[in-house]
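Right, one structure below, let's go through it.
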Amino acid sequence: MSGPNGDPHVLGGGTSDDDGDEGGDSFEEEEYAAINSMLDQINSCLDHLEEKNDHLNICLKELLESNRQTRLEFQQQSKQLNTGADVQGSQPPV
């Protein structure tokens with residue numbers, strides 16, 4: 001598939017004029033096949049990344065909603081505590 005540097009490993013040697021047209025056609029077909037294979041691999045990786053991104057997006061939205069819910073609960077508890085303290089503070093001492 002690919003060489004040690006990530007370059008496509010294409011069989012068929014060079015592009016010398018001594019090979020004739022058929023050798024060049026074979027080289028081009030192998031080159032296109034190698035490029036197609038690399039593009040398929042890239043496409044597969046991109047699909048995988050998109051799936052991971054979608055999953056992370058869903059998780060982050062759930063976390064955001066959970067944090068909103070928790071904040072609202074704390075605000076309600078704080079209001080209840082403040083209201084209770086106000087009521088107790090407004091009564092005359094015994």
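The values are calculated or read from the model by the stated rules, or taken from the named source; none is laboratory data. Every value quoted in this text rests on a predicted model; they were computed, and no experiment measured them. We place every Cβ from the backbone using ideal geometry, glycine too, and count neighbours over all the protein chains shown. These area figures cover heavy atoms from the full protein model, side chains too; ligands, DNA and RNA do not enter into them. Shrake-Rupley method; radii C 1.70, N 1.55, O 1.52, S 1.80 Å.
Identify the single condition in (1) in contact with a Ser or Thr (Cβ under 9 Å, 6 or more places away or on another chain); (2) modelled with pLDDT under 95; (3) open to solvent by less than 90 Å² (accessible area, probe 1.4 Å) that residue 9 does not satisfy, given that it satisfies every other one.
(3)
Return the residues of the stretch 47-94 that are at pLDDT 90 or above, open to solvent by less than 100 Å² (accessible area, probe 1.4 Å) and either in contact with a Gly (Cβ under 7 Å, 6 or more places away or on another chain) or hydrophobic (A, V, I, L, M, F, W, C) (or both); say none if nothing qualifies.
Once the filter is applied, which keeps residues that are at pLDDT 90 or above, open to solvent by less than 100 Å² (accessible area, probe 1.4 Å) and either in contact with a Gly (Cβ under 7 Å, 6 or more places away or on another chain) or hydrophobic (A, V, I, L, M, F, W, C) (or both), the stretch 47-94 yields 58, 59, 63, 64, 72.
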